[in-house]
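What follows is a single structure, written as structure tokens, with notes after it.
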Amino acid sequence: MEVRNLHYIYSDGTQALKALSLGIKQGKTTAVLGSNGAGKSTLLLSFNGINKPSGGEVLFKGLPLDYSVKGLKQLRKSVGIVFQDPDKQLFSASVYQDISFGAMNLKLPEEEVRRRVDLAMKRTGISHLKDKPTHSLSFGQKKRAAIAGVLVMEPEVLILDEPTAGLDPLGVSELMKLLRKLQIELNLSVVISTHDIDIVPLYCDYAYVVDDGRLVMEGTPQEVFSHPEEIRRINLRLPRIGHLMEILHDKDGFEFAQPANTISEARKALINWKDTN
Amino acid sequence: MEVRNLHYIYSDGTQALKALSLGIKQGKTTAVLGSNGAGKSTLLLSFNGINKPSGGEVLFKGLPLDYSVKGLKQLRKSVGIVFQDPDKQLFSASVYQDISFGAMNLKLPEEEVRRRVDLAMKRTGISHLKDKPTHSLSFGQKKRAAIAGVLVMEPEVLILDEPTAGLDPLGVSELMKLLRKLQIELNLSVVISTHDIDIVPLYCDYAYVVDDGRLVMEGTPQEVFSHPEEIRRINLRLPRIGHLMEILHDKDGFEFAQPANTISEARKALINWKDTN
Amino acid sequence: MIYIDKYAYLSKLKQTNPLQKLVLAVSVLGVCLWADSVAVSILTLLIMGWYTVCKGGTPVGIFIRLMLVPLSFLVIGVLTIAVNVSGDKDVFVFSVYAFGMYIGVSQSGILSAANLFFKALGAVSCLYYLSLSTPMVDLLAVLRKLKVPRLMVELMGLIYRFIFVFLEMADTMFTAQNSRLGYAGLSSGYRSLAALASSLFIRSYQRADELYIALEARGYDGELSVIHEQAETHWTEYIPIVLINLFLIAVALFSKQLTGGLL
Amino acid sequence: MNKKIWIMGLVLMFMFLPQQTYAMHIMEGFLPAGWCITWGALAIPFVLAGFFSIRRTVGEHPKTLMLLAMAGAFAFVLSSLKIPSVTGSSSHPTGVGFGAILFGPTAMAVIGLIILLFQAVLLAHGGLTTLGANTFSMGIVGPLVAFATYKIVKKANGPQWLAVFLAAALGDLLTYVTTSVQLALAFPAGTGGAMASLTKFLGIFALTQVPLAISEGILTVLIFKAISSY
């Protein structure tokens, strides 16, 4: 999955994306970072053809997207998107029926639809909610149901807009672990947009940083967060651990071989430092 | 502001609060922590009389709340509440009109309404948005407008449900600094409920931890986070810095005199350790 | 607010074939209306109450509380029918004189009012049996099976789903306004309610767009096709329903004969 | 003395009872079977016309389905809101005028039917056997009156607010006049027949509705004003 020189102008004239180019690594978790209004959501909606770019192109498996009805249908089988607010995505009061929707649209035999729905519910850990009405679910459960509704299509790319927004600490870590698990088990390419900087070094393999519709940085979380000035210039911040380690290194005379952004990295760095001193 | 032995049962029979007692410190910022469904929002809505407790009592300035129409009117003048989703709190076409809503309902002379609205907009830094339609605002601006809409009533207690949810990193720190400033300038008592554990040691003076409708812990953030087992038992977590420092202390042979949950505390502790070794 | 919906999902009868429940409710409802007899009405109320409370497990307190919901309509309606105006005092068994006329109730008026009162309660208990044992989702599936046009069922399904989304939204908005004293006076109350309704309308309008986009992303092609649970039934399960109806019909005929068609 | 108290009690009850109830749909089991069928049969052509018109539009623009669904859910929620009143008792808007002006009377027949079914099953307001009668009054007559009033006032170059007000108020009122007619026909008085009965029902179901119809008119004007300034 790749976008090249992408431009997107909203009907009200706002230029949301400006000559943006980036590639999604197959089978990895990629984060798209940026402050509110940087263009993250617009970008995500371009990946499965909901936003048709005003300029440039989106490529899937090396081929430019085909925006015909048939082409889009084909694309959406492979590229699934989970929106931030599950109440905007779940259309049926029956969790089971809602999840089956995507699979039914693939015109699969009923047997296969049932198999996939059951599997998707099992994978997202909501099998016990089968007979519950959607409106009785908690926010986190709705989120999982929305993910299951995309998984039934057995996509190759799973896109999630702010997947951790509104979840409590346990909800965040459970959801991110779920995504990690899906990514590994199904060899999915996962793309998330997020404000939650601290989860990026923990759960993401690669990160793109966008600002004002442009790509300003890319690399592993490690690499991206080793440019703190740049990160702050565009109103983001380092992970808190990274920030602490930066100050210890810059101001307090600690010496670390490389930046550390997670607890385990910081431990290693500090133990290392302790042992050499 | 104080609640004593508070019970709250929803009309569908769910017991949301169970014998909860706590006091809000005047002129301080108090955090209410807990996972989703712990009863945080129910508690906040009890403070300004929207939820009438099924048992126990809520006291304001030492007196039990008066749930008559007049009593509630009086109370809501003094205890303002800002909801999580500003879209559910802003109704009017223009920002100015929306902010004036509460002041108008107090039947103040027009002169006074104008003065208060201008002041509230200035305090929240949105004076330049005066004539904008509310729906054209960014999420962070809407949040500020919602706060201004409560400030016009010149409350003594300001309650905010998940004030940082949905904001980007800069938005979070700006909002928390704004609340700090308001709290000091106006001698406001600020009460926030939050999932965002990392902001608690930075911006809050006191914290209550609720779980399953009960109060399970209270104290300064320092004190509360010095019981990591208890915090984890109820599905919360330590601030990330606190977690790192805990592991360094418990497993890696670092010695710190006291727990550290913020970057500056951690720096001090580590420098201290460095100097004594 | 919507208790009935909540109890429907909790009912022990939830797994029973919804068509069977619909047939039971509607057929007994029909017999109750046709019979027009106090005995049948009371029996209907007892049978349906037994099904709902004993077999369905709906708390009896809830059932009684719900039976009181239509009571104000019932009392007003029945009194309006029973109370008549006439210049002749003799048509009434009890009357008062006011404004140069007699206002009162006649014997046949009392009888038909009592009849109507119980008939309506009996009928309501049929409605409650259905709605307290059959979640809307299952009911819609039955409608689909009964060849109600697909578009109609889809529309109903969407409306049902979003009623809860908007109710929650309206509730939060109302609370937010209320805490800023939006309902402290009559005129501010009107303004607040209008503001609430209009923002709710605008939100719902936007929600149509957002939902359409989300559905398209999942391959929507103009048909909200979903998989349905197949409820297996055997014709023998309909035997009790037939027996109940036959019993009620027999009671109706018998009591008509006994009271000369009065009750 | 005794009689006075009796009358006073009756008057008070009639004054206050209706205001505390929901929109006055005819309850389950209240109408004799014959009338249930009659009103159902009268409502069917309108509902079918509405359905076919919706199907045509949705065929051309699939998004219309979502729009109608949201309008329906909105109308259901609107009818559950409480109109503030002086006495503290509450009444609920019908949304008849609002819906008719925005979506036209044809679509309203279908949306009205669905909402009435949901109100019956989820809230026990109205009923299954009275669905036809209630659809006829609230989904057909009310919207038709509201729509016609709106068009006539607009055509006569009346101001927008007046058109909206009259449409909403008359739509609401005529809904209940229809309900009264339905009840009177089903329960003609022992002395004086259907006309005497109609007087009684109009007095109770329509007359008490006048202040509520005015409330709904004012409210609808305010809603339209707020939406147009959005």
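The values are calculated or read from the model by the stated rules, or taken from the named source; none is laboratory data. Just so we're clear, the structure is a prediction, and the values are computed from it rather than from any experiment. Because the Cβ atoms are built from the backbone with ideal geometry, glycine has one as well, and the counts that use them run over all protein chains shown. Side chains are part of the model used for accessible areas, which takes the heavy atoms of the whole protein and leaves out ligands, DNA and RNA. Shrake-Rupley method; radii C 1.70, N 1.55, O 1.52, S 1.80 Å.
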**Request:** State which residue pairs qualify: first residue open to solvent by 40 Å² or more (accessible area, probe 1.4 Å) and inside the stretch B:122-135, second residue β-branched (Val, Ile, Thr) and assigned to a helix (DSSP H, G or I) in any location, beta carbons under 7 Å apart, and separation of 6 or more residues or different chains.
**Result:** B:LYS130/B:VAL95; B:LYS132/B:VAL95
**Asked** So, in the stretch C:180-222, of the ones that are closer than 30 Å to A:LEU108 by Cβ and among the aromatic types (Phe, Trp, Tyr), which residue ends up modelled with the lowest pLDDT?
**Response** C:TYR220
**Prompt:** Would a scan of the stretch B:38-59 turn up a residue that is open to solvent by 10 Å² or more (accessible area, probe 1.4 Å), over 14 Å from B:LEU215 (Cα atoms) and of a type in the set (Phe, Trp, Tyr)?
**Reply:** no
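Residue by residue, here is whether (1) hydroxyl-bearing (Ser, Thr, Tyr); (2) surrounded by fewer than 19 Cβ atoms within 10 Å (Cβ to Cβ); (3) modelled with pLDDT of 95 or more holds:
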residue: A:THR194; (1), (2), (3): yes, no, no
residue: A:TYR208; (1), (2), (3): yes, no, yes
residue: A:ASP212; (1), (2), (3): no, yes, no
residue: A:GLU218; (1), (2), (3): no, yes, yes
residue: A:ILE234; (1), (2), (3): no, yes, no
residue: A:LYS251; (1), (2), (3): no, yes, no
**Message:** If C:LEU243 meets every condition in (1) modelled with pLDDT of 90 or more; (2) closer than 30 Å to C:ALA39 by Cβ; (3) more than 26 Å from the chain's Cα centre (by Cα) apart from one, which number is that one?
**Reply:** (3)
**Complete:** Sole miss for C:LYS89 among (1) under 25 Å from C:LEU10 (Cα atoms); (2) more than 11 Å from chain D (Cβ to nearest Cβ) is condition (1)
**Message:** It is to be established whether one or more residues within the stretch B:152-163 are surrounded by fewer than 22 Cβ atoms within 10 Å (Cβ to Cβ) and closer than 21 Å to A:THR164 by Cβ.
**Reply:** yes
**Request:** Name the single residue, out of those in the stretch B:219-277 being more than 24 Å from B:SER35 (Cα to Cα) and among the polar types (S, T, N, Q), that is nearest to the chain's Cα centre (by Cα).
**Result:** B:SER264
**Asked** Among C:LEU46, C:LEU22, C:LEU10, which is open to solvent by 10 Å² or more (accessible area, probe 1.4 Å), farther than 27 Å from A:ASP131 by Cα and not hydroxyl-bearing (Ser, Thr, Tyr)?
**Response** C:LEU46
**Item:** Matching residues in the stretch C:1-36 - criterion: being within 16 Å of the chain's Cα centre (by Cα) and within 21 Å of C:THR236 (Cβ to Cβ)
**Value:** C:LYS21, C:LEU22, C:VAL23, C:LEU24, C:ALA25, C:VAL26, C:SER27, C:VAL28
**Complete:** Looking across the stretch D:56-92 at residues that are assigned to a helix (DSSP H, G or I) and under 15 Å from D:LEU113 (Cβ atoms), the single one that is farthest from the other protein chains (Cβ to nearest Cβ) is D:ALA75
**Asked** Among the numbered criteria (1) hydrophobic (A, V, I, L, M, F, W, C); (2) open to solvent by less than 40 Å² (accessible area, probe 1.4 Å); (3) farther than 28 Å from A:GLY125 by Cα; (4) free of Cβ contacts under 8 Å to residues at least 60 places away in the same chain, which single criterion is violated by A:MET176?
**Response** (3)
**Request:** Keeping to the stretch A:235-264, report how many residues are within 9 Å of chain B (Cβ to nearest Cβ), part of a loop (DSSP other than H, G, I, E, B) and hydrophobic (A, V, I, L, M, F, W, C).
**Result:** 2
**Request:** Scan the stretch D:207-225 for residues that are away from chain C (no Cβ under 12 Å) and open to solvent by less than 20 Å² (accessible area, probe 1.4 Å) and jot them down.
**Result:** D:GLN209, D:ALA213
**Prompt:** Of the conditions (1) open to solvent by 50 Å² or more (accessible area, probe 1.4 Å); (2) in contact with a helix residue (DSSP H, G or I) (Cβ under 9 Å, 6 or more places away or on another chain), C:ASN84 fails just one. Which one is it?
**Reply:** (1)
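Could you check the stretch C:223-248 and list, in sequence order, the residues that are assigned to a loop (DSSP other than H, G, I, E, B), without any contact (Cβ under 8 Å) to a residue 40 or more places away in the chain and farther than 22 Å from A:LYS107 by Cα?
Across the stretch C:223-248, the qualifying residue is only C:HIS234.
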**Asked** Which condition breaks for C:LYS256 when tested against (1) at pLDDT 90 or above; (2) among the basic types (Lys, Arg); (3) assigned by TED's automatic domain parsing to the domain that holds C:SER108?
**Response** (1)
**Prompt:** For the stretch B:200-226, which residues satisfy the criterion of being farther than 22 Å from B:TRP273 by Cα and free of Cβ contacts under 8 Å to residues at least 24 places away in the same chain?
**Reply:** B:VAL216, B:MET217, B:GLY219, B:THR220
**Prompt:** Is there a residue being closer than 30 Å to C:ASP221 by Cβ, assigned to a helix (DSSP H, G or I), among the small types (Gly, Ala, Ser) and at pLDDT below 95 anywhere in the stretch C:128-142?
**Reply:** yes
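For (1) at pLDDT 95 or above; (2) over 20 Å from C:ALA82 (Cα atoms); (3) not in a helix (DSSP H, G or I), each residue gets a yes or a no:
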residue	(1), (2), (3)
D:ILE114	yes, yes, no
D:GLY126	no, yes, yes
D:LYS151	yes, yes, no
D:ALA163	yes, yes, no
D:ALA168	yes, yes, no
D:ILE204	no, no, no
D:ALA213	no, yes, no
D:LEU219	no, yes, no
**Prompt:** Does C:SER179 satisfy being in contact with a Gly (Cβ under 9 Å, 6 or more places away or on another chain), more than 7 Å from chain D (Cβ to nearest Cβ) and free of Cβ contacts under 8 Å to residues at least 24 places away in the same chain?
**Reply:** yes
